[in-house]
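The values are calculated or read from the model by the stated rules, or taken from the named source; none is laboratory data. In this text the structure is predicted, and so the values were computed from the model without any measurement. Note: ideal-geometry Cβ built from the backbone for every residue, glycine included; neighbour counts use all protein chains shown. Note: areas computed on protein heavy atoms with side chains; ligands, DNA, RNA excluded. Shrake-Rupley method; radii C 1.70, N 1.55, O 1.52, S 1.80 Å.
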Amino acid sequence: MTEPSRLAVLGAGHVGPVIARLALRAGYPVAIATSGDPEDIALITELVIPGAQPRWAADAVADADIVVLAMPLHRFLDVDPALLNGKLVIDAMNYWPASDGVLKAFDEGGSSEIVARRLVGSTVVKALNHIGYHELEDLARPAAAPDRRAAGVAGDDPAAVATIVGLVDRIGYDPVRLESLRAGRVLQPGGPVFGTVLTLAEFERAVREDARSLT
């Protein structure tokens, strides 16, 4: 039996701890990091993400198989792309001008496509961004549960997408593969499934009926 992938979650606000807790429950080893000293988040990690290891970002990433970007998007612009070279990266971020301010780098195109262009040495998959963090944790269900919901996974590398599909399934959602990062625009703010929590059939229908999923 293969060992579960090791996750590094970058971001300890709202979304990062939820993803970390779900991954820990699914059996993944998890490190969590911010831009600062891990001692600064040691207590909060012990209290709200028991089992996760607070680490310096560089160390967490170096040891990880999968890196989750769960920070506000404006903070991503301060991340050195070289830190993530060679890594499989989940982009769980969203572009929110109301909270981030207008970021010229993200004014045109899908935000994950722009993240991927910046992280040229990494493989980027868009996932876990379109469900609110409260719902993401509260509505996770085991496989075959009658009330299980769906979550989208978008990327340009089929093997990377398959890996994240497995993770999404293990943490409690029916994964829906989208054809590309560009097709993943349906998952971002303004898309047909953003901010909603749908069954597999509802999700697939909403995506199928949206022109962005065909590009």
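Taking (1) farther than 29 Å from Glu108 by Cβ; (2) open to solvent by less than 10 Å² (accessible area, probe 1.4 Å) in turn, Ala145 satisfies each apart from (2).
So that you can scan it fast, the table gives a plain yes or no per residue for (1) closer than 23 Å to Leu167 by Cα; (2) open to solvent by 20 Å² or more (accessible area, probe 1.4 Å); (3) of a type in the set (Val, Ile, Thr); (4) in a loop (DSSP other than H, G, I, E, B):
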{"site": "Val18", "(1), (2), (3), (4)": "yes, no, yes, no"}
{"site": "Arg21", "(1), (2), (3), (4)": "yes, yes, no, no"}
{"site": "Leu24", "(1), (2), (3), (4)": "yes, yes, no, no"}
{"site": "Ala42", "(1), (2), (3), (4)": "no, yes, no, no"}
{"site": "Thr45", "(1), (2), (3), (4)": "yes, no, yes, no"}
{"site": "Pro50", "(1), (2), (3), (4)": "yes, yes, no, yes"}
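Condition test on Val61, is it open to solvent by less than 60 Å² (accessible area, probe 1.4 Å), assigned to a helix (DSSP H, G or I) and at pLDDT 95 or above? For Val61, the condition - open to solvent by less than 60 Å² (accessible area, probe 1.4 Å), assigned to a helix (DSSP H, G or I) and at pLDDT 95 or above - is met.
Looking across region 76-102 at every residue that is out of contact with any helix residue (DSSP H, G or I) (no Cβ under 8 Å at 6 or more places or on another chain), assigned to a loop (DSSP other than H, G, I, E, B) and more than 26 Å from Thr163 (Cβ to Cβ), the one that is least open to solvent (accessible area, probe 1.4 Å) is identified as Val102. Quick one: is Ala151 within 21 Å of Tyr28 (Cβ to Cβ), part of a loop (DSSP other than H, G, I, E, B) and open to solvent by less than 60 Å² (accessible area, probe 1.4 Å)? Taking the combined requirement at face value, the residue does not satisfy it.
Per the listing Glu137, Glu209, Glu204, Glu179, the residue uniquely under 14 Å from the mean Cα position of the chain (by Cα) and of a type in the set (Asp, Glu) is Glu137. Selection within region 155-167: residues that are in contact (Cβ under 8 Å) with a residue 40 or more places away in the chain and surrounded by fewer than 22 Cβ atoms within 10 Å (Cβ to Cβ). The member of this set that is farthest from the chain's Cα centre (by Cα) is Asp156. Sort out which residues of region 168-215 are farther than 24 Å from Ala144 by Cβ, surrounded by fewer than 15 Cβ atoms within 10 Å (Cβ to Cβ) and of a type in the set (S, T, N, Q), and write them in order of number. Of everything in region 168-215, just one residue is farther than 24 Å from Ala144 by Cβ, surrounded by fewer than 15 Cβ atoms within 10 Å (Cβ to Cβ) and of a type in the set (S, T, N, Q), namely Thr215.
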